[in-house]
Amino acid sequence: MKHKVKKTTHHVEAKKECACGENCKCGCNCGCKCSAGKAVILAGTAVALVLSGLAYWKAGCTKKFEEYIQANPSVIIESVNKHYEQMEKERQKPVNVDKIVAEIVADKTNYSLGNPKGKFVIIEFFDHQCGWCKKTNVEMSKVVASAEGKNIRWIPVDTPIFGEASETIARFVLAAGKQGKYAQMHEAVTNAKGKLDEAALIELGKGLGLDTKKLKADADGKAIREKLTANKEYAKKLNINGVPMLIVDGQINPGALLGDKLQEAVKASQAKK
């Protein structure tokens, strides 16, 4: 149904005829566009649903949105189910681990702890605020410093997943690497107690003899933010959704690398030529 609306009466007629009510501000003129929200909801995921709801809310069209959700509550569940089905499909896609490992090893923006020329490569995706990651890092540090672990090349891939605080820590650790002290900052953060906000990280850097102005500038810089994005892309390629996640000599090892598992890796490293 078309509506002929004169410019001089546009707003008045919109208020009278819009199905959203007299106070509508959505600019749909007659309410016909409000029904498009149904298509958006049905086609979108739970995130799209929430965003659509917020859009209508801000536009002053909460009534139609609320009525639709109340009449069709199963839409939310269906959207979430579809979203997770898609995630599962992505997760089950075959992964060429060897190819991605080769990319990570060849990536000169990654740091190597232990023996940088070690033949036995352990790649670790981790978050500095993850308790099991910390335990793995403490044990790994001991191993690569020992004679038994001298053939291990440990490549930590900073993958902050616990929000802004984790990302800030990762940026400062990577920034310390710009001054040749990634390993020292990595260890300092691993062993630190209490809250690690920006001020605390700068103090850690100061204690390591870093130029703190440069440290902050690098931490806030484009290069390190791009590095973290690249790390997330590696994780995405490997279908990694949690930390710690390690690739031990080409084999994916979900969870922490401790105890017997770590000792097995050490023994295997000694036989690697």
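The values are calculated or read from the model by the stated rules, or taken from the named source; none is laboratory data. Treat the numbers as computed from the prediction; the structure is a model and nothing was measured. Ideal geometry is used to build each Cβ from the backbone, glycine not excepted, and the neighbour counts take in all protein chains shown. Areas reflect the complete protein model, heavy atoms only, side chains present, ligands, DNA and RNA absent. Shrake-Rupley method; radii C 1.70, N 1.55, O 1.52, S 1.80 Å.
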Using a 1.4 Å probe on heavy atoms of the protein chains only, the accessible area for Thr190 in Å², nearest 10, reads 20 Å²
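Please compare each pair in Lys195/Lys216; Lys232/Lys272; Lys181/Lys232; Lys181/Lys237 to a cut-off of 21 Å on the Cα-Cα distance and tell me which ones are over it. It would help to have the intermediate numbers written out before the result.
Working: Lys195/Lys216 18 Å; Lys232/Lys272 29 Å; Lys181/Lys232 23 Å; Lys181/Lys237 29 Å.
Exceeds cut-off: Lys232/Lys272; Lys181/Lys232; Lys181/Lys237.
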Between the modelled labels at Lys206 and Lys117 (7 Å from Cα along Cα→Cβ) the distance in nm is 4.0 nm
Residue by residue through the range 183-199, the couplings from Karplus 6.51 cos²θ - 1.76 cosθ + 1.60 with θ = phi - 60°, in Hz, x for Gly and Pro, are 4, 5, 6, 4, 5, 4, 5, 4, 8, 5, 10, x, 6, 9, 8, 4, 4
Residue span Glu198 to Ala102: 0.36 nm per residue of separation minus Cα-Cα distance leaves a gain in nm of 31.2 nm
Leu210 neighbourhood, Cβ < 12 Å, K/R = +1, D/E = -1, net charge +3
Taking a ≥ b ≥ c as the square roots of the eigenvalues of the Cα gyration tensor, with a/c under 1.5 meaning rounded and otherwise prolate when a/b exceeds b/c and oblate if not, the range 178-253 is prolate
Note, the range 129-141: 3J(HN,Hα) by Karplus (6.51, -1.76, 1.60, θ = phi - 60°), whole Hz, Gly/Pro = x, goes 9, 8, x, 5, 5, 4, 4, 4, 5, 5, 5, 5, 4
Scalar couplings 3J(HN,Hα) for the range 205-217 by Karplus 6.51 cos²θ - 1.76 cosθ + 1.60 (θ = phi - 60°), nearest whole Hz, x for Gly and Pro, are x, 4, x, 8, x, 7, 6, 5, 5, 5, 4, 5, 4
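Which of the trypsin sites (Lys or Arg not before Pro) found in the range 133-224 are in a DSSP loop and have at most 16 neighbouring Cβ atoms, other than their own, within 10 Å?
Numbers: sites: Lys134, Lys135, Lys142, Lys150, Arg153, Arg171, Lys178, Lys181, Lys193, Lys195, Lys206, Lys213, Lys214, Lys216, Lys222; in loops: Lys150, Lys178, Lys181, Lys193, Lys195.
For trypsin sites (Lys or Arg not before Pro) across the range 133-224 that sit outside H, G, I, E and B with at most 16 neighbouring Cβ atoms in 10 Å, the list reads Lys150, Lys193, Lys195.
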